[in-house]
Amino acid sequence: MDPAKRSKYSAGFKIKRIQFAKRNGNRAAARMFGVTENSKREWKKNEMTIITMPKNKCALRKAVMKWPIPDESVENCVLACHQNGLIVKINSVRLFALKC
């Protein structure tokens with residue numbers, strides 16, 4: 001059996017479906033619009049965020065930084081290494097950050 005194809009839905013679509021689900025329940029909304037019940041539950045949890053989103057935006061992504069902004073001390077260590085002609089790798093930067 002092939003996995004289900006992922007779909008994207010705009011914020012306007014989600015808001016209408018949340019309102020329908022509030023009146024008639026998640027299962028009825030899932031049957032009516034062909035959206036999984038789990039998606040409805042997630043949309044209900046994030047309802048306030050969805051309402052404030054632009055109506056044509058689809059994703060609920062949050063801008064989470066993979067790497068935090070380094071301190072000035074780490075930056076100074078890296079610059080000192082560069083000035084001394086040393087190659088700085090990401091592991092070295094991590095070690096500098098742990099020491100500081």
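The values are calculated or read from the model by the stated rules, or taken from the named source; none is laboratory data. Keep in mind the model is a prediction, meaning the values are calculated, not measured. All Cβ positions, glycine included, derive from the backbone under ideal geometry; neighbour counts span all protein chains shown.
Of note:
- Any chance PRO70 is modelled with pLDDT under 85, touching a helix residue (DSSP H, G or I) at 6+ places or on another chain (Cβ under 8 Å) and not aromatic (Phe, Trp, Tyr): yes
- Within segment 5-22, being under 13 Å from MET48 (Cα atoms) and either touching a strand residue (DSSP E or B) at 6+ places or on another chain (Cβ under 8 Å) or among the small types (Gly, Ala, Ser) (or both) holds for ALA11, GLY12.
- Any hit, segment 27-40, residues being among the charged types (D, E, K, R) and modelled with pLDDT of 90 or more: no
- Flag if LYS57 is surrounded by 11 or more Cβ atoms within 10 Å (Cβ to Cβ), among the basic types (Lys, Arg), at pLDDT below 85 and under 20 Å from LYS8 (Cβ atoms): yes
- Scanning segment 19-41 for residues that are within 22 Å of ARG61 (Cβ to Cβ), without any contact (Cβ under 8 Å) to a residue 12 or more places away in the chain and either outside any helix (DSSP H, G or I) or of a type in the set (D, E, K, R) (or both) returns a single hit, THR36.
- Taking each residue of segment 1-18 that is within 12 Å of VAL35 (Cβ to Cβ) and surrounded by fewer than 15 Cβ atoms within 10 Å (Cβ to Cβ) and looking for partners that are of a type outside the set (S, T, N, Q) and at pLDDT 75 or above with beta-carbon atoms closer than 6 Å, six or more apart or interchain, yields LYS8/CYS58.
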